[in-house]
Structures are given as C-alpha cells and as structure tokens.
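Asker: A single structure is presented below for examination.
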Amino acid sequence: MPAQACATMRAAMTQAFQTLPDWLAYCEQLHPVSIDLTLERVQTVARRMQIGFSCPVIMVSGTNGKGSTCAMLEAILLQAGYRTGVYTSPHLVHFEERLRLSGEPVKAPELIAACASVERARCQNDDAISLTYFEFTTLAIFEVMRHQPLDVVVLEVGLGGRLDAVNIIEPDCAIITSVDLDHMALLGADREAIGFEKAGIMRTGRPVVVSDPLPPQSVLDRALEVEADLWRVGVDFNVSGDKQQWGWAGRGRRYSGLAYPSLRGANQLVNAGGVLAALTALRERLPITAQAVRVGFASVDLPGRFQIVPGQPTLVLDVAHNPHALAALTANLDAMGFFPTTHAVFGAMADKDLPTMIRRIQPLVDKWYFTDLPTPRAAKASHLQQLWLDQNQRADVTSTLYVDPETALQTALAAADPADRIVVFGSFYTVGGVLQGGVPRLAAKHLSQT
C-alpha cells in the first residue's frame with residue numbers, strides 16, 4: 001500500500017477506533033493467520049517504536065505454571081516495595097487483565113493510545129507491516145510499560161519462546177517451568193523439540209532457572225551452548241517440606257519455615273521454588289527480604305488456577321488445557337476428599353489432545369456438561385461428548401450439551417446437591433465464561449428454597 005494511502009487510512013481508523021474492543025477487532029484481521037512464529041516483523045515495528053526497558057526483566061516460559069510463577073513473582077516484588085509491570089496472556093474476562101501495573105490492571109485509555117502508536121509505527125514506510133493479534137497487542141502493552149516508572153518487568157511468553165513476540169525483549173533472568181506436550185503442531189512432536197523452543201529465551205551469561213524436575217536434554221544443552229548461568233532444581237536449588245511448612249535452599253541463600261503458597265495445588269511448590277531461585281539470582285539488583293517472601297506467598301492470588309470458590313456445592317475453577325495440566329488438576333481434585341457427585345463443565349480447544357485430557361479426569365466425574373466456546377478454535381460440545389462416549393465404561397455417568405459455559409454451570413447447579421462439587425475446566429474461555437459477571441457464589445436449589 002502506498003505511504004500516502006496508508007497514512008490516510010491510518011488517520012481515519014485512529015479517529016474511528018474510540019474503544020479498546022474496536023482496536024482488538026481490528027488487530028484480529030490484520031494478518032492472514034492467527035499464529036505466525038517469526039520475529040522479524042514485530043522486531044522491525046519495535047525498533048521504530050524504540051521499545052525497551054531500563055529496569056530488570058524476568059521472562060517466564062514453559063508449558064504449564066507460567067501464570068502462577070508470574071503471579072508469585074509479582075506478589076513478592078510488590079511486598080518488597082517495587083513498582084512492577086507484569087504481562088501475562090491470555091485473559092479470562094477483560095483484555096486489560098493482561099497487563100498489571102503495580103498490581104492493578106491497566107486502564108483501557110492507555111491501551112487505546114498505545115494501539116494508535118503501534119499503528120503509526122506499523123505503517124511508517126511505503127508498505128504496512130502485517131502483525132498478528134498477539135504481536136500487535138504485545139507491542140501495545142510494551143509501549144504502555146516503557147512509559148511507566150517501573151522497577152521490574154515480568155513477561156510471560158505466549159507460545160513457545162524462541163520465536164514468540166515477547167522474546168524481542170532481552171531478559172535479565174529467564175525461568176522455564178514445566179515442559180510437556182502442547183501446541184505440538186507449532187512447537188514439535190516431543191518434549192525435546194518443545195524444550196528447544198522454550199529454551200530460546202535464554203541469554204548468554206544471564207541466569208536461567210529450570211524448575212522442571214526432569215527437563216528435556218535440549219533445555220540443558222541450550223544453556224550450555226549459550227553459556228547461560230543455569231539454576232536447576234535438584235542441583236542448584238532444592239525444595240523440601242512437610243504438611244505444615246516448606247523450605248528452600250540455593251546458592252548462598254536459605255528460607256525455612258515458609259507457609260505454603262496461597263495458590264492451591266501440590267504443583268505450586270515446584271513453581272514457588274523456581275520463583276525463589278530467580279529472585280536469588282537477581283538479589284544484587286532486586287534485594288528481597290524474607291518477610292516479603294513470606295507475605296508474598298501467603299497473599300498471592302490468581303483466578304482460575306485450581307481456584308476453590310466456597311459455597312454449596314463447592315466450585316472449582318481451573319484453566320487446565322492440556323494432558324499435563326489435567327493430570328495436576330486430577331491429583332488436586334482427588335486430594336480434596338469425598339464428594340457424593342462431581343459435576344464437570346468442560347470446553348476445550350480442538351487442537352488439544354482431547355482424548356487424553358478426558359481420560360485423565362474421567363474416573364472422578366459423575367456428570368458431564370460439555371459446552372461450546374465463543375472461538376473458532378474450540379471443539380464443539382458434541383465432539384467432546386463423542387470422544388467421552390468412545391472411552392466411557394461407566395453406565396452411571398451422564399452427559400449433556402450446552403451452548404456456553406454459563407448455561408452449563410447453571411444447569412449443573414440445578415442438578416447438584418449441597419455436598420457435591422462442580423468443576424469448570426478445559427480452557428481460559430471455559431473459566432472466563434462463568435466469570436463474566438464476577439466470581440459465582442453458589443447455593444444449591446435445596447438451600448435457596450428453604
């Protein structure tokens with residue numbers, strides 16, 4: 001497109017787009033594919049915008065546990081008095097959730113202005129540079145952050161690592177959480193290939209924390225190849241504990257008598273160990289007191305990660321969306337104790353290993369509520385039901401279909417007894433669908449009628 005025509009179109013669009021949803025809808029149709037793992041286009045626009053940070057940057061990659069790791073880092077850093085900028089994705093309900101500034105979601109007007117800046121840079125020369133939705137919005141979020149007086153930036157990789165748009169930033173410390181099978185069509189067919197992509201966020205001479213107890217060899221080889229400062233769980237730091245408390249020991253630092261993180265689930269201790277390793281590696285630039293660590297872990301909050309909502313019946317919300325995450329969810333549900341009936345509201349993306357996901361949790365579920373989701377990437381509820389039928393061997397289990405998660409949840413509530421539990425899981429869209437009006441507070445029909 002000629003520069004003059006592009007400039008005219010840009011001016012018209014900038015004036016027409018008065019809301020954040022306007023800009024997000026525009027971003028969705030800029031690029032021919034929704035995911036395009038390359039860095040050249042986004043790097044070019046970032047250079048035009050002079051994107052960069054002068055404060056320490058912690059980058060987090062991995063298959064599962066990224067969001068929890070970012071939340072724990074944020075909670076501790078805030079308790080230590082630092083001004084934080086934290087970028088995570090995707091969001092549950094509102095796009096503004098993706099960027100938190102000192103613990104608070106960014107305001108829409110700031111993102112609107114940043115989107116206009118990205119558009120100006122994208123169309124700067126004769127031909128406009130095509131950006132995906134994620135690339136465009138990542139640049140907008142970076143634009144907001146770079147104008148803030150931040151002490152530390154925490155960035156969650158969207159997909160993979162090596163070719164993810166977030167990786168245009170140079171991290172001062174990298175964290176690689178669990179590595180497992182997910183997004184295999186894009187990242188590779190096995191853990192070694194996927195690990196290589198995750199390891200792309202490592203930088204020469206800078207610390208990289210590997211909190212996966214059994215990391216792929218490709219991750220370790222990459223650390224050696226780039227001469228990163230490797231912090232490996234079980235080698236460079238250790239986590240131990242009993243039913244009441246836990247402790248951490250690493251290079252030149254030890255924490256003991258810690259209360260368990262307020263994020264529920266046995267898997268969170270693995271993430272917490274990686275968090276302390278990263279903070280210890282950066283202690284000369286970001287000193288942290290033991291009190292900040294204790295209060296941060298005790299106060300951290302992250303919706304949708306084995307989130308147990310009090311009520312009758314009990315409600316469990318979990319964005320678990322691959323077999324590895326489903327295994328953790330199943331173990332956590334099993335540890336909750338006895339419930340007469342478990343109702344499962346399940347919606348998921350079509351590109352996941354759906355049969356394995358269903359098989360992992362199937363022994364705990366008594367009633368299935370399969371739901372459609374508001375995205376073309378989602379599997380239809382009828383397809384999910386058929387996958388379940390193909391492997392179901394219990395005559396006492398039922399299933400029904402719904403057009404959205406909220407309808408499925410309300411139907412499950414109508415069928416549930418006060419002592420039952422309802423589990424909503426499978427995707428950010430599934431959990432987000434029941435959080436549109438806030439966190440549900442359930443009261444079974446038997447209680448509401450008394």
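Asker: Output the residues belonging to the stretch 111-143 that are under 17 Å from Y26 (Cα atoms) and acidic (D, E). Walk me through it before giving the result.
Answerer: Of all residues in the stretch 111-143, those under 17 Å from Y26 (Cα atoms) come to 111-123, 128-141.
Of everything in the stretch 111-143, those that are under 17 Å from Y26 (Cα atoms) and acidic (D, E) turn out to be E119, E135.
Asker: Looking for whichever is surrounded by fewer than 17 Cβ atoms within 10 Å (Cβ to Cβ), in contact with a Pro (Cβ under 8 Å, 6 or more places away or on another chain) and not basic (K, R) here; the options are E97, E40, E28. Which one fits?
Answerer: Working: E40 fails: in contact with a Pro (Cβ under 8 Å, 6 or more places away or on another chain); E28 fails: in contact with a Pro (Cβ under 8 Å, 6 or more places away or on another chain).
The conditions single out E97.
Asker: Taking the stretch 321-348 as the region of interest, how many residues are in a loop (DSSP other than H, G, I, E, B) and at pLDDT 95 or above? Walk me through how you get there before you give the answer.
Answerer: Taking the stretch 321-348 and keeping what is in a loop (DSSP other than H, G, I, E, B), we get 321-322, 335-341, 347-348.
Remaining after also requiring at pLDDT 95 or above: 339-341, 347-348.
Of the residues in the stretch 321-348, 5 are in a loop (DSSP other than H, G, I, E, B) and at pLDDT 95 or above.
Asker: Just checking, which of V166, V60 is touching a strand residue (DSSP E or B) at 6+ places or on another chain (Cβ under 6 Å), in a strand (DSSP E or B) and not assigned by TED's automatic domain parsing to the domain that holds H324?
Answerer: Answer to the selection: V60.
Asker: Given the conditions (1) crowded, with 17+ Cβ neighbours inside 10 Å; (2) touching a Gly at 6+ places or on another chain (Cβ under 6 Å); (3) not β-branched (V, I, T), report the number of the one that R421 does not fulfil.
Answerer: If we test R421 against (1) crowded, with 17+ Cβ neighbours inside 10 Å; (2) touching a Gly at 6+ places or on another chain (Cβ under 6 Å); (3) not β-branched (V, I, T), just (2) comes out false.
Asker: When you scan the stretch 326-374, how many residues do you find that are closer than 16 Å to S427 by Cα, without any contact (Cβ under 8 Å) to a residue 40 or more places away in the chain and aromatic (F, W, Y)?
Answerer: Number satisfying all stated conditions: 2.
Asker: Please pick out the residue among V219, V239, V209 that is touching a strand residue (DSSP E or B) at 6+ places or on another chain (Cβ under 8 Å), more than 19 Å from D164 (Cβ to Cβ) and of a type outside the set (S, T, Y). Give the derivation first.
Answerer: Numbers: V219 fails: more than 19 Å from D164 (Cβ to Cβ); V209 fails: more than 19 Å from D164 (Cβ to Cβ).
Step by step, each of V219, V239, V209 is checked, and only V239 is touching a strand residue (DSSP E or B) at 6+ places or on another chain (Cβ under 8 Å), more than 19 Å from D164 (Cβ to Cβ) and of a type outside the set (S, T, Y).
Yes/no matrix, rows are residues, columns are (1) modelled with pLDDT of 95 or more; (2) among the β-branched types (V, I, T); (3) closer than 18 Å to K198 by Cα; (4) surrounded by 18 or more Cβ atoms within 10 Å (Cβ to Cβ):
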site: C123; (1), (2), (3), (4): no, no, no, yes
site: E143; (1), (2), (3), (4): yes, no, no, yes
site: L155; (1), (2), (3), (4): yes, no, yes, yes
site: R162; (1), (2), (3), (4): no, no, yes, yes
site: V166; (1), (2), (3), (4): yes, yes, yes, yes
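Asker: Related question: Within the stretch 154-173, track down each residue that is closer than 18 Å to R206 by Cα, under 16 Å from the mean Cα position of the chain (by Cα) and aliphatic (A, V, I, L, M).
Answerer: Answer for the stretch 154-173, where residues must be closer than 18 Å to R206 by Cα, under 16 Å from the mean Cα position of the chain (by Cα) and aliphatic (A, V, I, L, M): V154, L155, V157, V166.
Asker: Just checking, which of W248, W231 is in contact with a Leu (Cβ under 9 Å, 6 or more places away or on another chain) and of a type in the set (F, W, Y)?
Answerer: W248 is the lone residue from the list that is in contact with a Leu (Cβ under 9 Å, 6 or more places away or on another chain) and of a type in the set (F, W, Y).
Asker: Taking the stretch 326-358 only, how many residues are of a type outside the set (S, T, Y) and closer than 25 Å to L269 by Cβ? Show your work before the answer.
Answerer: Pass one, the stretch 326-358, residues of a type outside the set (S, T, Y): 326-329, 331-340, 343-355, 357-358.
Then drop every residue that is not closer than 25 Å to L269 by Cβ, which leaves 326-329, 331-339, 357.
Qualifying residue count, the stretch 326-358: 14.
Asker: Among the residues of the stretch 58-94 satisfying the criterion of being crowded, with 21+ Cβ neighbours inside 10 Å and touching a Cys at 6+ places or on another chain (Cβ under 9 Å), which is nearest to T177 (Cα to Cα)?
Answerer: V60
Asker: Taking the stretch 396-415, which residues are assigned to a helix (DSSP H, G or I) and either hydroxyl-bearing (S, T, Y) or within 17 Å of P340 (Cα to Cα) (or both)?
Answerer: Start the filter on the stretch 396-415 by keeping residues that are assigned to a helix (DSSP H, G or I), which leaves 405-415.
The answer is T407, T411, A412, L413, A414, A415.
Asker: What single numbered condition from (1) modelled with pLDDT under 95; (2) within 30 Å of L73 (Cα to Cα); (3) within 23 Å of the chain's Cα centre (by Cα); (4) not acidic (D, E) fails to hold for V316?
Answerer: Here V316 clears every test but (1).
Asker: Among all residue pairs at least 6 apart or on different chains, which show Cβ distances below 7 Å where the first residue, located in the stretch 240-269, is surrounded by 15 or more Cβ atoms within 10 Å (Cβ to Cβ) and the second is in a loop (DSSP other than H, G, I, E, B) and polar (S, T, N, Q)?
Answerer: Listed pairs, sorted by first residue: L258/Q245.
Asker: Does the stretch 349-377 hold any residues that are in a strand (DSSP E or B) and crowded, with 22+ Cβ neighbours inside 10 Å, and which are they? Show your work before the answer.
Answerer: Of the residues in the stretch 349-377, the ones in a strand (DSSP E or B) are 349, 367-371.
Passing the criteria: W368, Y369, F370, T371.
Asker: Tell me, which residue of the stretch 125-141 that is of a type in the set (V, I, T) and in a helix (DSSP H, G or I) is surrounded by the fewest Cβ atoms within 10 Å (Cβ to Cβ)?
Answerer: As a first pass, look at the stretch 125-141 and keep what is of a type in the set (V, I, T): 129, 132, 137-138, 141.
When the remaining residues are screened for being in a helix (DSSP H, G or I), the result is 137-138, 141.
Details: T137: 26, T138: 26, I141: 24.
Taking the candidates together, the pick is I141.
Asker: In this structure, is E97 without any contact (Cβ under 8 Å) to a residue 12 or more places away in the chain, out of contact with any strand residue (DSSP E or B) (no Cβ under 9 Å at 6 or more places or on another chain) and under 28 Å from G274 (Cα atoms)?
Answerer: Working: without any contact (Cβ under 8 Å) to a residue 12 or more places away in the chain: yes; out of contact with any strand residue (DSSP E or B) (no Cβ under 9 Å at 6 or more places or on another chain): no; under 28 Å from G274 (Cα atoms): yes.
Against the criterion (without any contact (Cβ under 8 Å) to a residue 12 or more places away in the chain, out of contact with any strand residue (DSSP E or B) (no Cβ under 9 Å at 6 or more places or on another chain) and under 28 Å from G274 (Cα atoms)), E97 does not qualify.
The values are calculated or read from the model by the stated rules, or taken from the named source; none is laboratory data. Note that the structure is a prediction, hence the values are computed from the model and not measured. Note that we place each Cβ from the backbone using ideal geometry, even for glycine, and neighbour counts take in every protein chain shown.
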